Structures are given as C-alpha cells and as structure tokens.
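Just so it is clear, none of the values below were taken in a lab; they were calculated from the coordinates. It should be emphasised that the depicted structure is a prediction, and the values quoted were computed from it without experimental measurement. A quick note on method: Cβ atoms are made from the backbone with ideal geometry, for glycine too, and the neighbour counts reach across all protein chains shown.
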Amino acid sequence: MMKRKIIFVLACLAAVSCSHTPAASELDPVDHVSVLVGTMSKHSLSTGNTYPAIARPWGMNFWTPQTGTMGDGWTYCYTADKIRGFKQTHQPSPWINDYGQFAVMPVTGEAVFSQDERASWFSHKAEDARPYYYGVYLADHDVYVELTPTERAAAFRITYPEDESPYLVVDAFDNGSYVKVIPEENRIIGYTTKNSGGVPSNFRNWFVIESDAPFDYVRTVRDGVDQSAVMESESAHSGAIVGFRLDEDRSVNLKVASSFISVDQALVNMEELGDGDFDRLKAEGRARWNEVLGRIKVEDDNIDNIRTFYSCLYRSVLFPRTLTETTSEGELVHYSPHTGEVCPGYFFTDTGFWDTFRCLFPLLNLVYPEMNEKMQEGLVNAYKESGFLPEWASPGHRGCMVGNNSASVVADAYVKGIRGYDIETLWEAVKHGADAVHPHIPSTGRLGWEWYNRLGYVPCDVGINESAARTLEYAYDDWCIYTLGKALGKPEEEIGVYKERAMNYRNLYRNDESLMSGRKADGAFSDNFSPLKWGGDFTEGNALHYTWSVFHDPAGLIALMGGDDAFNANLDKVFDIPPHFDDSYYGFTIHEIREMQIMNMGNYAHGNQPIQHMLYLYNWSGQPWKTQQRIREVMDKFYTCHPDGYCGDEDNGQTSAWYVFSALGFYPVCPATDQYILGTPLFKKAEVSMSDGKTLLINAPDNGRENFYVSGMKVNGRKYTRTYLEHDLLRKGTVIDFTMSDEPSKNRSVSQQDRPYSFSNQR
C-alpha cells in the first residue's frame, strides 16, 4: 500500500506545483501542451470534439482514457466522472468514429468484466495528461495507472493496493473479436474487428499483451458469459480477466503492441519497447515530442498564448497517422484497407482533405516536409490499391463531405518543393479523380462530374446535394490540377481544360445578391434563395460562408462584385448580420450553427472550415488592417488552452493549424500557390527551424493585446510592403521584423502591386 500512496502523493504534488508557474523559458515546448483542450464537448455543441491522444507524432496507435461507452464516438468527455478503460484508438473524429479498438482496465476486489461494473470514479485533480504520458488514480479500485506509448506499442505501469486482489480486464470489444490467454508466457493475444467502415472483410487489429507478473487467475468472457479456466474465446464480443501474483512492490508492468497484419507482426512491433523500462520510454516520448514541437519556438509575456499555441501544434502533428509497419527483415509494409492485402511502402490515413487541405498540409510542407514526402508516397500507394486518391480516409475511403481536394494536397506538396515520390502516378491520379466517382463511395472522386464538365456547374435540381459547394471546390481543384500540370511541364493540350474549368466559380454568382447560389440544370438560380440557409446547396454553411471559396482568384471575385468597395462591404456584412440562421435543410440546429450563433461575431462561423480563410481576403481589396483586426479578435476570443478551447470541431489538425499559422503572422489562403498571406503576428518573437537547418525568425517586440496592427515591416533588413510572403523566402532562412501599433495603418500595403496572387491576373 505504501508505494502506491507515495506515487499518488507525488502526482498530487506535481499538480500543486503548477500553481507556481515557471517562466516560459524554463519549460520545454511539450510542457506547454494541454491534451485536454477540446474535450469539454458534446453532440450538440463542440468545443473541439477531441480526446486526450496519448501518442507519438503521427503514430499508428493512440491511447486514451475511455469515459464513454463501447462504440461511443465521444470516447472521453471532460465532464465525465468515470473511466471505463484505457483504449487503443485510431479515431480521427467522433463523427467518423473508431476502428481497431480494444481496452485494458485494472480492477480490484471482484473480477468484473462489464464496462459499467468495472468503471471507476476519477478526478482531473488526480490526472496527469501529457502527449507522451498519462497517469490517473482510479478511486473505486485504489489503483494508479500510468501509460506511455511508442508509435505501435505502449508500456503500462499499474500500482495495486496491498489488501485487494489485483486483476486486469482485457476487452476486445464487440462486432467480432478473439482473446487467448497464455499463462506460461504471461501473455494475452487476440484481435478486434470493431470498426465504423472503410475496411475489407478480413480486417483485424491483432494485439499482444505481456506482463512482468505471473497470472494466478484466468477467465475468458464470451458474449457476456464467463468461461472460468477457459483460455480462449472467439465470439462477437470476447474478453479476458487475469489476476496477478504480486510481491511487495504491488506494481505490474505491461507491454502492449498491435498490428493490422498478424500477431507475429504485433510481436515485432513490441520490440519498439525494448526491455519495457517505463521511465526510459516516457523520457524518449518526451524527447520525441520536444523534437517535433521544438521546430517552432515562441516567446511572449502571455503564458496562455504560448500554451494555446503548443496545444494547437500538438494537434497539428497527430494526423494523418501512419499505418506503416516494419517487418523483422526491416521492410516497410502496410495492411491495405482497400485490398485487405499486405503491401509494400508507406501508408497514412485518418484525415479528411475537405478540412485539412486548407492549412494542415501546407503546415507540413513548410515545417515538416520530410513527413509529407512519406505521406505523398502513401497517396501513391492508396491510388494503386484502390483506383482513387482518398478524400476522407479512415482507414479506407469513407463517405463524408464534398470536393476533390486530394488535387490540392498533391499540388501544394509539389509546388512547395516536396520530392522523392512517384509524382507521375499522382498526376494520373488527380486527372482520373476529376472525371470519375468511386463506385461505392460517392464522396471520393467527383460526384456530378458529368454535369459539371457539361454545364460548368453541378445543378441543384438533379438529385445531388450541396451542389454549389461541390462546384466551387471543383473549380479550385481544377486550378490545382492545372497548376500541377504546369509545374510538371505538361503540354497545354493536356492541361488547358483544367485552366478553363478553374473559372467555373463564376457560373454560380448572383448579381442580385452578390453571393454564390445553387443553379438549376436549365440555368435558372435556386428558388426561394436565402443567404442564411445552411445546407441545401452548401456544405455545413450558407451562402455568406461559401461565397468566398474562390481561393485561387480573389481578384476575379472582386471584379464580379463590382470592385474593392463592394467587396469590402460584402466582407463586412458577414460580421454585421446578426447570427440568424435557417436550419430547415437539417430539420434541427446542427452544432456548427450553434457554435456560430453563440460567438457574438455575426454570421462568421470559424468553427467550420469553409470560411476560415475569409479573414485574410481584405489583403486583396486594399484594407489589410481589417484582416489584422479580425485575426487577432478570433485568436483572442475563439481559442484558449482550456478544455473548452476550440470554437467547433478541431478536425484532424486543421483548426489547430489555422491558429499556428495565424499566430506566426501569415496563412496559406490558396494552397498550390507559393504564397502565404499576411495577417498579424501574435508573439514578440517566433523562430521556425527548417528541416535543412535554416531558420525563419519573426520579431514583433512591440506586440501586445492592443498593439495588433502592423504599421511597418522589414524582410532581411529591407522595407517590405507586400501583403504576402513566398515559400522559398521563408524556407531559405529569413528575418522578418514587424513594427506593431494600436492604430491601423490605412495607407500601408494598399496598392495593386502589393496584393497577392489571383488567377485572373495571370491568365
């Protein structure tokens, strides 16, 4: 009992010590991360819809405490009182849900299995949650649980009380599972098939659990029925309970690993743990997180800004996760969620390009290009194995969202200089996806491509939902394909069609409303148009949000609206209109609408992706100070380092990456250009270490809560007035000096030559 109490006291002392906050300079980047940001969410209102992902960056397996019931996408909620288990998870979002999950849970006294009987009360005051480590006191069992992961495995240290029988529950979950206990090896093996789609019929997540303490009790569970002294269970819902024979130490060390390939490969993956020394693995995890997060170092007087920044950066380097495994012969392989076969090479998954093309992948291209090189190779393999690039993958193709934004992800990587993969195959892939739709997953490829190619838009009256959103995104995607083809030196006769289609956004513009609208096959616009109607012609937004989805041609959109003044007035209108809405398409108020309504920023809906770039568009219309004002307002109001710290779904790093970019002072409004559009830096100093050793230094010494306007700027010591920065300039090592003010500089950076790229100006 004594040792367990000592461990718990030390954990409490560590928590108490947070009341004396060290200077930011005394802490490593990972020390600023809260993995609980976004966990105070529910179905009707998202403040992130996250869970504490205890993991390595881009790791194959994450671990999380499980407060929700088996199969519940809201696997951990900050407001919950009980933990049901510690789950290996691959969940990218509660809406897509999980696959390949199983859980372990220590219990004492009585050997109970069911998720409700084994659940234990816990408190956040006795919880230590970090990216590389999780520890918590389970009050009902008088047990302290610690875990630390590698990419494909994890180590547990469980400290049991003296006077209670120590057990471990292994729950392989329902929908088809298998567990076998091997007492002579202190080992449990098994598999889980539980998933939410996107897998072939032979899908298995094989796992191995090894204990350093011998078993003195074994029971398996078959569909809720106890099987005493039976070592094996294969059923819809299988599990096991083992009891330990412990010495005075009262601690059990577990080594856990899994594989999508086989139990033998799971044993190979377990070698990541070495001898299983918990403290060594914890230190290695901490070092890895500091290595990744330390690519960006920020300085500021406001510690909460630093905490929010690194908490966002942590979320930005979780997805897409790797599915790649290394064989005992050292070969890189992966289980294909498309074919069910073991295939060579890299594979990454659990991301939705509708969200992450906007700035998550551009962040990788700037700061972690070595990772996106591997991800692009993974896209090559996904195309070869399925015939399509993914649009939403978890782990295979999933029916979710709209657009053909794999074209953007591929084009941006190549334009930003990423090399070392088969770009010619990806060129064929993006062309194929433009003129095809997946036979079973209509959100992969282009639903309605025949209409789009013939009319220049997807009609709203031919049975295809969200037609205007599809049209706008297809036009941008066509521009991406054209831009990639041009960079590859493809002939005009091959790429010219995409150049023409890139202007299709104009076909949805209504002069009478100065907004985009759905359009019928006969050319007439939608009946009963309302700019406040969510859904219908648009995806999780309305015309006020989607009109700005002309990433590649803001100047063309300005021309449609009648010039700078009209354009600025329409931008302003988004914030000036009260947060009224029409939710009739859904029949209820979806959480994205509610998150817009409560933020006191008019009809601006930052909690959803379609409008997140819109704040930067004033740079094209001669009012960059309004971008600066609105950016700082969103950063100050919509993001915190607390459990309710997001203003909507975090979405696989996209909403976090928005903050990371915006805090640095620039943002990739149009991926596949080489430009980042200027906003306003948040920190007094930021330093970005590039993968090749060069350094980007951003100085804004006069920065502050009121001093958010840019009154002057120098790049490498020379006066700079453009409203954008180029990728090569940032990558080669650059010093940027901002002069900040509490008053807008309305005559700075307003000329035509200072404005960013627009396709209309280049044709």
Karplus 3J(HN,Hα) series, Hz, for the stretch 471-477 with 6.51 cos²θ - 1.76 cosθ + 1.60 (x for Gly, Pro): 4, 4, 6, 4, 5, 4, 4
What are the ³J(HN,Hα) couplings of the stretch 244-252, residue after residue, when phi is run through the Karplus curve with 6.51, -1.76, 1.60 and θ = phi - 60°? Round to Hz, x for glycine and proline. 10, 9, 10, 8, 5, 4, 6, 10, 10
Checking rank on 567-573, 345-351, 376-382, 500-506, with mean other Cβ inside 10 Å and highest first, the result is 345-351, 376-382, 500-506, 567-573
Helix 278-293 versus the longest principal axis of the chain: what angle, 0 to 90°, nearest 10, using Cα atoms? 0
Show the residues, 5+ positions off or on another chain, whose built amide H is closer than 5 Å to the amide H of Val735. Leu697, Asn716
Quick check on the chain: helices-only [θ] at 222 nm, where DSSP H runs of length 4 and up contribute -39,500 (n - 2.57) each and the sum goes over total residues. Nearest 500, please. -8500 deg cm²/dmol
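Size of the dipole of the chain about the Cα centre, Lys and Arg at +1 and Asp and Glu at -1 on the beta carbon, nothing else charged, in debye to 20?
Dipole size: approximately 1840 debye.
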From a point 7 Å beyond the Cα of Val715 in the direction of its Cβ, which residues of the stretch 722-763 have a backbone N at a distance under 12 Å? 722-737, 754-757
If amide H atoms are modeled at 1.01 Å from N in the peptide plane, then the residues at a separation of 5 or more from His438, or on another chain, having amide H under 5 Å from its own are Thr444, Gly445, Arg446
Ranked highest first by average number of other Cβ atoms within 10 Å, how do 335-344, 231-240 line up? 231-240, 335-344
Taking the mean number of other Cβ atoms within 10 Å as a proxy for protection, how do you rank 421-431, 355-365 from highest to lowest? 355-365, 421-431
List the lysines whose Cα sits under 28 Å from the Cα of Lys499, skipping any in the same chain fewer than 8 residues away. Lys384, Lys416, Lys431, Lys486, Lys490, Lys520
On a straight-distance basis, which aspartates and glutamates could pair with Lys374 in a cross-link, Cα separation under 19 angstrom, same-chain partners fewer than 8 positions away excluded? Glu151, Glu291, Glu325, Glu331, Asp350, Glu385, Glu391, Asp412, Asp422, Glu424, Glu428, Asp692
Total charge of the residues flanking Gly648 in space, meaning their Cβ is under 15 Å from its Cβ, with Lys and Arg +1 and Asp and Glu -1, is -3
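Once you list every other residue whose beta carbon is under 14 Å from the beta carbon of Ala229, what net charge do they have if Lys and Arg are +1 and Asp and Glu are -1?
Combined, the nearby Lys, Arg, Asp and Glu give 0.
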If the chain between Thr326 and Asp226 were fully extended at 0.36 nm per residue, the gain over the current Cα-Cα distance would be 32.3 nm
Listed values (i) 57, 29, 24; (ii) 41, 38, 23; (iii) 45, 29, 24, entry calculated as semi-axes √(5λ) of the Cα gyration tensor in Å: (iii)
Using each residue's phi in the stretch 510-520, evaluate 6.51 cos²θ - 1.76 cosθ + 1.60 at θ = phi - 60° and report the 3J(HN,Hα) Karplus result to the nearest Hz, with x for Gly and Pro. 9, 4, 5, 10, 6, 9, 7, 8, x, 9, 7
Which of the aspartates and glutamates could a cross-linker span from Lys533 if the Cα-Cα distance has to be under 20 Å and same-chain partners fewer than 8 positions apart are dropped? Asp461, Glu466, Glu473, Asp512, Glu513, Asp572, Asp576, Asp582, Asp583, Glu592, Glu595
Relative to the longest principal axis of the C-alpha atoms of the chain, give the angle of the C-alpha long axis of helix 406-415, reported between 0 and 90° and rounded to the nearest 10°. 80
What is the helix-to-structure angle for 492-501, meaning the angle in degrees between its Cα long axis and the longest Cα principal axis of the chain, kept from 0 to 90 and rounded to the nearest 10? 90
